[in-house]
Amino acid sequence: MSYGTIQVKRALNNITHSPETQKRECLFLFSLAGIQFTHILDFMIMMPLGPEFIRVLNINTHQFGLLLSSYTFAAAAAGIFATYYVDRFERRQLLLSLYVFFIIATVACGLAQNYETLFIARAFAGAFGGILGSLVQTIVADSIPFERRGKALGTVMAAFSVSTVAGVPLSLFLAHHISYLGWRAPFIFIGAISTLVFYVGYLHIPKIAGHLDHVHEGSRLSQILKIMIAPQHIKAFIFMGLIMMTGFSVIPYIAVYLTTNVGINNSYISLIYLCGGVATLMSSRLIGHLADRYGKVKVFRVLAIISLVPLLVTTNLPVTPLWIVLLNSTTFFILISGRMIPAMAMVSQVVESKIRGTFMSLIGSVQMLASGIASVVAGMVVTINADGMMQHYKLVGYGAAVCGLLTFWLVGYIHSDAKKHLEKT
């Protein structure tokens, strides 16, 4: 497709994007953001509650890492399984059905009686939550033109920010102040909020079935294998895996490290997530806008490099005043989460719409598998001494920095593949 044709398509898109259409699109994106908010909160709440889980369940950092990875590994496996059916069902029906099972699994976490039953419940929550994440991104890619996709993904991915602004602090407050529930309270809270989000989504998410018009040739297994081994897809899988390893080798142990080594009182952990969440809530749409305006690869590379500064500071902090910790952690949250906006916009464009659901499910599996591996490996590297201090966290930071540098190099290939596919459509 010529440059002139692309410009005409963009002009027509702007004309047809009327105020009424914008209103429907906003409600649609708000519904998707609500689903993202709840399943991200369900995943994230385990991390700031790390010190309490270690104390109440009498487990070590390695067991805590396994508890985190039960969610991510199950999500990875479920994502692979989802490739068999995700492109063969209407998107809305599939999304809402999976969301119901996610709500049930999350409430089951709050009813768990011990480490083992919590481990199993987390695995089920991860299985459904992981598919939801990739399915939401697929729906955005199917519904929003590439020229506006960065901003749309910024809106949906602001759910990460909202979960840290309101969800995590409120969940921690409930865990610390409802004594008869304790750590169970956040999961009951997420289940209740998710029920409300389900109703909103039922009203405002439209039927999405355009992908069903495409004819799929050959067996389903051969189709999936073809998608998995395509060179441009392999590069995307590696790229997203490294992005997740950069963040999730460090993030799960931030709360533990700050309370044991940096001297931050456990009551301030919610404040750290609150400040980081407010900042990322304000920055996510801006980053999406900048990615659309100045180029997704350029914005990603800037974020990838400068994010290494707060990452390395986080894993090497000595005893430090709270205001310095807040400044660094807030910067960390903005930059680490901000990378995902241009990254997902590019990755979602390297495939045709007829196989995008399958591809994004595989991307979701890679993300969850990589974050699970990162948290387990980091849990094996760090240790807590007899004096209660965490050791070797800085080694985790150095490894994460290497992964971040590799994404800076790989993003050029992802951008090239996305550009080629865009020119063909």
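The values are calculated or read from the model by the stated rules, or taken from the named source; none is laboratory data. The structure displayed is predicted, hence computed values, not measured ones. Every residue, glycine as well, gets a Cβ built from its backbone with ideal geometry; the counts of neighbours run over all protein chains shown. In case anyone asks, the SASA skips ligands and DNA or RNA and just uses the protein heavy atoms, side chains included. Shrake-Rupley method; radii C 1.70, N 1.55, O 1.52, S 1.80 Å.
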Being among the hydrophobic types (A, V, I, L, M, F, W, C), more than 30 Å from Tyr268 (Cβ to Cβ), open to solvent by 10 Å² or more (accessible area, probe 1.4 Å) and part of a helix (DSSP H, G or I) narrows Val376, Val366 down to just Val366
Among the residues of region 219-232, which ones are at pLDDT below 75 and open to solvent by less than 60 Å² (accessible area, probe 1.4 Å)?
Arg220
Out of contact with any Cys (no Cβ under 6 Å at 6 or more places or on another chain) and either in a loop (DSSP other than H, G, I, E, B) or surrounded by fewer than 19 Cβ atoms within 10 Å (Cβ to Cβ) (or both): does that describe Ile324?
yes
Subset of region 365-401 (residues that are in contact with a strand residue (DSSP E or B) (Cβ under 8 Å, 6 or more places away or on another chain), touching a residue at least 24 places away in the same chain (Cβ under 8 Å) and of a type outside the set (A, V, I, L, M))
Thr383
Would you call Ile305 out of contact with any His (no Cβ under 9 Å at 6 or more places or on another chain), within 17 Å of Thr407 (Cα to Cα), assigned to a helix (DSSP H, G or I) and touching a residue at least 60 places away in the same chain (Cβ under 8 Å)?
yes
Residues (in a helix (DSSP H, G or I) and open to solvent by 10 Å² or more (accessible area, probe 1.4 Å)) located in region 339-361
Met340, Ser353, Lys354, Ile355, Arg356
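Checking the condition among the aliphatic types (A, V, I, L, M), in contact (Cβ under 8 Å) with a residue 60 or more places away in the chain, touching a helix residue (DSSP H, G or I) at 6+ places or on another chain (Cβ under 7 Å) and closer than 30 Å to Gln63 by Cβ, which residue from Leu326, Leu362 passes? Reasoning before the result, please.
On the way: Leu326 fails: in contact (Cβ under 8 Å) with a residue 60 or more places away in the chain.
Residue meeting the stated conditions: Leu362.
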Scan region 48-67 for residues that are within 18 Å of Ser375 (Cα to Cα), in a helix (DSSP H, G or I) and open to solvent by 10 Å² or more (accessible area, probe 1.4 Å) and jot them down.
Pro51, Glu52, Ile54, Thr61, His62, Gln63, Leu66
Looking at Ser267, is it at pLDDT below 85 and either touching a strand residue (DSSP E or B) at 6+ places or on another chain (Cβ under 9 Å) or open to solvent by less than 40 Å² (accessible area, probe 1.4 Å) (or both)?
no
From the list Ser348, Ser416, Ser337, exactly one residue is closer than 25 Å to Arg293 by Cβ, without any contact (Cβ under 8 Å) to a residue 24 or more places away in the chain and among the hydroxyl-bearing types (Ser, Thr, Tyr). Which is it?
Ser416
If you take the residues of region 109-135 that are of a type in the set (Ser, Thr, Tyr) and in contact (Cβ under 8 Å) with a residue 40 or more places away in the chain, which of them is nearest to Ile40 (Cα to Cα)?
Ser134
For Ile336, the lone unmet condition from (1) within 29 Å of Ile269 (Cα to Cα); (2) not in a helix (DSSP H, G or I) is (2)
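Here's the yes/no breakdown for (1) modelled with pLDDT of 95 or more; (2) closer than 16 Å to Ile251 by Cβ:
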| position | (1), (2) |
| --- | --- |
| Gly379 | no, yes |
| Leu405 | yes, no |
| Asp417 | no, no |
| His421 | no, no |
Elements of type helices (runs of 4 or more DSSP H) contained in region 222-301, each with 2 or more residues being among the aromatic types (Phe, Trp, Tyr):
231-248, 269-294
Among (1) crowded, with 20+ Cβ neighbours inside 10 Å; (2) at pLDDT 90 or above, Val262 falls short only on (1)
Given the conditions (1) surrounded by 23 or more Cβ atoms within 10 Å (Cβ to Cβ); (2) over 25 Å from Pro169 (Cα atoms); (3) β-branched (Val, Ile, Thr), which single one is not true for Ile80?
(1)
